[in-house]
Each structure stands twice: as structure tokens, then as C-alpha cells.
1. Any residue at all in the range 112-131 that is at pLDDT below 60 and not hydrophobic (A, V, I, L, M, F, W, C)?
2. Every residue in the range 443-455 that is out of contact with any Asp or Glu (no Cβ under 6 Å at 6 or more places or on another chain) and surrounded by fewer than 23 Cβ atoms within 10 Å (Cβ to Cβ), please.
3. Of all residues in the range 299-323 being more than 18 Å from ARG249 (Cβ to Cβ) and of a type in the set (Gly, Ala, Ser), which is surrounded by the most Cβ atoms within 10 Å (Cβ to Cβ)?
4. Against the definition (of a type in the set (Lys, Arg) and closer than 25 Å to ARG554 by Cα), how does ARG203 come out, yes or no?
5. Looking at ALA388, is it open to solvent by 20 Å² or more (accessible area, probe 1.4 Å) and in a strand (DSSP E or B)?
6. Looking at the range 147-161, can you tell me whether even one residue there is at pLDDT 95 or above and under 23 Å from GLY548 (Cα atoms)?
7. Considering every residue within the range 163-171, establish whether at least one is assigned to a strand (DSSP E or B), among the aromatic types (Phe, Trp, Tyr) and open to solvent by less than 70 Å² (accessible area, probe 1.4 Å).
8. What are the residues in the range 501-559 that are farther than 24 Å from ASP428 by Cβ and modelled with pLDDT under 90, if any?
Amino acid sequence: MAVSVRASILLTTTVSSLFLPSVAMAASSDAENAALRREIAAMHREMMGEIHRLQARVDKYEHASAQQSHRVTRKPHTLIAGNEDDAQPRFREDPVVPARTGPRSPNESRIALPESPVQSWGAFKAASARDESVDVGGIKIGFPKGRPTIASDDKAYAFSIGLLAQEDFGGFMGVGQRGHETAGNFNKFTENARRLRLYLSWRYKDWVVNVTPDFGANNSDGNVSLFEANLNYTGLHNTTLTVGYFQPRMEEDSAERSGAFEFLERPTIVDLVRNIAGGVGRFSVGGEHYEKRWLVAGYFTGQKYGDRTNTTSITDSQTGGVFRATGRPYVSKNIDVHVGVGATAAFKVNQTSSGRNYTGLKDNPEVPLGETQLLTSGALTNISQVWAAGPQFGFRYKKFLLKGEYYHIGVQHDNVAGNATLPSLNFDGWYVAANYTLLGHGRGYNEKIGAFTTPGVEYDFDPAKGHWGALEISGRWSVTDLRTSGATINSAGTLVAADGKTAGNKQTVWQGGLNWYPNQHIKIMLDYTHFSVSSAAGVSTDLLGRSGNAVVGRVQAAF
């Protein structure tokens with residue numbers, strides 16, 4: 001059609017240029033000829049206007065044809081001839097570009113962590129621009145890091161769903177019953193849904209709301225709770241301000257996030273101190289700021305989600321605070337040095353009908369299968385404050401990582417409420433862990449969380465091409481000492497120590513672990529644990545000391 005229109009235009013123009021001058025020359029100078037020339041000039045002007053209009057239509061048609069041709073090349077289906085036996089045409093999908101399975105750089109290769117820091121609006125737009133998405137009526141639908149995300153065209157509005165699923169299975173060996181003590185819960189084989197979290201996130205520009213239910217919220221199946229429900233503002237440079245149920249982190253091991261742990265669980269001392277005024281589902285108001293070489297965070301905290309449901313007699317809720325500061329004094333391609341300090345305090349613990357008591361100093365032997373808790377400080381009543389503080393250190397050389405933390409716990413009694421003079425109690429704990437990456441990129445440092453993070457999967461698991469994902473091996477020594485010695489008195493039912501005996505006990509745990517990452521979303525873990533727990537005189541006649549072993553595996557999926 002475009003060719004025929006152009007031919008008509010050229011023909012008309014040629015006739016005008018040849019015929020019209022001839023008529024003008026043949027005409028006389030009388031009035032009739034003058035009128036004829038005026039009529040011919042008007043016809044010429046009208047014809048030229050029509051030519052311009054036709055030219056505009058041709059240009060419009062050619063532009064539309066080019067756009068239509070461009071759209072056709074991007075359509076997901078093309079029409080091809082059918083087989084001889086098939087009279088009807090059939091459609092074939094265009095070749096699908098496969099997901100990138102490698103090679104990946106160290107930064108691109110880290111596994112998906114659904115608990116990563118909340119992104120600012122600018123960072124979210126930049127990250128989303130690198131991910132493939134589908135545009136449906138101005139709505140962007142994509143899967144960044146495998147997480148379903150719906151966003152407006154300018155990314156101002158967004159909603160995403162993340163997942164962390166951990167299933168543990170294993171059992172205990174050599175945990176024998178001695179004397180008249182009870183056998184305790186040490187299954188030879190059992191299983192536990194450790195974490196089953198759905199991360200629901202709503203965004204309006206730099207305002208982000210997170211709500212995360214947890215269907216595996218304890219060390220035994222069947223517990224459903226809330227991991228977080230908070231409002232975040234990210235409009236300040238490298239800063240996140242938070243209010244709501246949140247998990248403020250003061251320890252390097254906790255800052256790594258539960259999907260990135262070297263072992264199944266945190267060291268016992270880390271679990272004890274983080275739950276003083278932090279831990280999962282703690283009401284928090286505060287924020288954190290990071291730069292490439294340092295991070296600082298601080299939160300005012302209150303009670304945990306569910307406290308007043310679990311203990312209906314609470315008449316005055318807990319208040320406390322959490323603080324953390326970290327630095328990287330030396331950084332190079334092959335070396336990373338991390339130093340930091342963490343501190344936490346419960347300014348006042350929950351008050352119930354029986355007073356202000358604290359029962360948080362007890363734990364299992366770092367095995368998440370619902371086993372009996374052997375480590376305990378004993379009953380602590382008439383407590384005014386509980387606090388903890390200590391340093392943290394980490395050193396990476398290429399694919400080798402060494403790190404450790406030490407914390408001191410202090411407990412102060414309320415002597416006015418107890419109508420007696422009771423001493424302050426002091427406890428200690430530490431751990432040292434070593435890790436080496438056998439396959440893949442070694443563990444790296446994430447300045448946004450002030451902690452080391454997972455190995456990198458350079459190539460997805462594909463044995464046919466000789467690709468095996470990432471593999472790391474780890475070892476850890478953990479000690480927690482909750483023994484208290486000295487001449488104290490029994491007041492208001494609290495037996496701290498009597499007759500020079502020791503209340504509370506000490507736990508030592510040795511662990512070895514192997515972690516395999518076939519891709520950036522799947523993690524398979526296997527841990528061997530040997531634990532030894534001393535007796536606890538004055539605490540319970542059923543806890544005479546125990547030692548044993550455990551072998552536990554975990555399958556994890558994260559998006």
C-alpha cells in the first residue's frame with residue numbers, strides 16, 4: 001500500500017509540472033485566460049495540500065508498521081508450518097533464556113537470605129531493574145532472588161512474599177540415665193520443623209511494613225507464633241529506623257541471620273544474652289546505620305510477642321535496651337578483620353503476682369530437637385536488672401574464617417522487695433568457630449549487617465558439567481558457665497547457693513558440621529555434637545550431670 005500511494009503522488013506531481021505550464025503558455029492575455037490561470041493556481045494549491053496530507057498518512061502508516069513489526073519479533077509465539085499429517089498450523093514457544101547458573105562473582109553468588117536488611121526505595125528500584133519482570137497494565141511482576149514481587153511501574157508501591165523453611169531430623173547417642181535421675185527427652189531419632197516463616201512485605205516508597213508468621217517457632221513441632229510485625233523507614237542514607245515487633249541483634253552470630261548459620265543453632269551463650277532484652281518478636285524502637293567500614297545500632301525494647309498470653313499475671317512489662325557497634329580495621333581482597341562490641345540490659349524484668357523473676361538462663365545443648373534442657377542457673381527471683389556485654393572478633397583469610405565472641409552476664413537482685421541482702425550474680429560464656437570453604441566462593445563480609453555471610457555458589461549443581469555447588473566444613477567450641485559459688489542465703493524461695501555448694505551448672509559443646517549449597521536457594525546441613533553438662537547442686541535432684549552425642553541434619557529452602 002505504501003508503494004502505490006507513493007507512485008500516485010509522484011505521477012500527480014509529474015503531470016502538474018508538465019501540463020500546467022503548457023496551459024499557461026497557450027492562454028491569451030484576455031480576461032478569460034486570466035481567470036483560467038487563477039483557477040489553475042487554486043487547483044494547484046489544493047492538489048499540493050492533498051499531497052501533504054497523503055504524505056503524512058504514509059509516514060504514519062510506515063511508523064505503525066515498524067512498531068507492529070517490532071512487537072511481532074518479541075511475541076512469545078511464532079507460527080510455523082505443521083506436519084504433513086497435521087492440516088492445522090501449530091504454535092511453538094520461542095527459546096526461553098535459561099536462568100543464570102554460573103559463573104557468578106562472589107557478591108552475586110551469595111545464597112538468598114529472606115531476613116536481609118530492609119532496602120531503601122532507591123536500592124529497591126536499582127535491584128528490581130536488574131531482575132526480569134513482566135509489565136501488565138503498568139504493574140511489574142517479577143521474582144528477584146526467587147521471591148514473588150508485585151510493584152507499580154515506578155516501584156513506589158510493592159508487595160513481596162519470602163520463605164524460610166527448615167526441617168531437622170536426627171537423634172542422640174550415649175545419653176545414659178544415672179542414679180535416680182529421670183531419663184529426660186533424648187530421642188534416638190526424631191524430627192522437627194525448626195523454622196517455617198512466610199515473609200510478607202508491603203512498601204510505599206521508603207516506608208516498609210513487614211509481617212512474618214512462623215509455623216515452626218520452637219524446638220518441637222506444633223508451635224505457631226509471630227517472628228516480626230514492624231514498620232520501617234529507609235529514607236535516610238544507609239539507615240533503617242524500626243518500630244514494632246522485631247529482632248534487635250547485638251551479636252555477630254545473630255547478625256548473620258538464621259539462614260546463614262555455620263551450624264544448626266547459635267552457641268548457647270549467644271542465645272542467652274540475646275534473649276535478655278532482644279530475641280525474636282521483641283517490641284523495639286530504634287535503628288541502625290552502616291558504612292563500608294563500620295556499623296552502629298541501638299534499640300529501646302519492651303516485652304516479647306505473647307508474653308502476656310503465656311503469663312496472664314504480668315502487671316508491669318519489661319523494658320530494656322540493645323546496643324551494637326562494629327568496625328573493619330583492615331580490609332583487602334584476601335583479608336577481612338571484624339571487631340565489635342555488643343551490650344544488652346533489661347532495666348526491669350516482667351513483674352507478675354510472684355514478683356520480678358527471671359527464668360531465661362537455661363538452654364539445650366545446641367541441638368534443636370526438643371530435648372531436655374540440662375543447662376540452668378536455677379531459680380532467680382526478686383531480680384531488679386539483668387545485663388550482658390562483651391567483644392566479638394572475626395578474621396577471614398581467603399576461604400578460611402575464624403571468629404569468636406565472649407559475653408559476661410550480670411544479675412542484680414531487688415533487695416528491697418526481697419527484704420534481704422542478696423549478692424549480684426555473674427556468669428560467663430564464649431565460643432570459637434573455624435570455617436573453610438571447600439567448593440565455591442568463601443564466606444564474605446556484609447557491611448550492611450556488620451557480619452560474615454554465606455559461601456557463594458559460583459555454579460549451580462550440575463554433575464554432567466562438573467559443577468557441585470558450594471561446600472564448607474566448620475568446627476566450634478562453646479562454653480557457658482552458669483555456676484555461682486559463695487556463702488549466700490535462701491530468701492523468698494530462691495536458692496542461689498548454700499553451705500559453700502555451687503548452684504547452676506556448666507555446659508561445654510564440641511561441634512563439627514558440613515554444609516552443602518547446590519544452588520542459591522537450597523542448603524543441606526549435617527552436624528555432629530558432643531556435649532558435657534556438669535551437675536547442678538541446689539537446683540534439681542534430677543540434674544546430676546550428663547554427657548552425650550547427637551547427629552542431626554537439616555534441609556533448608558530460602559527465597
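1. no
2. Across the range 443-455, the qualifying residues are GLY444, ASN446, GLU447, LYS448, THR453.
3. SER317
4. The answer is no for ARG203.
5. For ALA388, the condition - open to solvent by 20 Å² or more (accessible area, probe 1.4 Å) and in a strand (DSSP E or B) - is not met.
6. So far as the range 147-161 goes, no, none of its residues is at pLDDT 95 or above and under 23 Å from GLY548 (Cα atoms).
7. No, every residue in the range 163-171 fails to be assigned to a strand (DSSP E or B), among the aromatic types (Phe, Trp, Tyr) and open to solvent by less than 70 Å² (accessible area, probe 1.4 Å).
8. The answer is THR541, ASP542.
The values are calculated or read from the model by the stated rules, or taken from the named source; none is laboratory data. All values derive from a computational prediction rather than experimental measurement. Because the Cβ atoms are built from the backbone with ideal geometry, glycine has one as well, and the counts that use them run over all protein chains shown. For the accessible areas, the whole protein counts, side chains as well, though only heavy atoms, and no ligand, DNA or RNA atoms are used. Shrake-Rupley method; radii C 1.70, N 1.55, O 1.52, S 1.80 Å.
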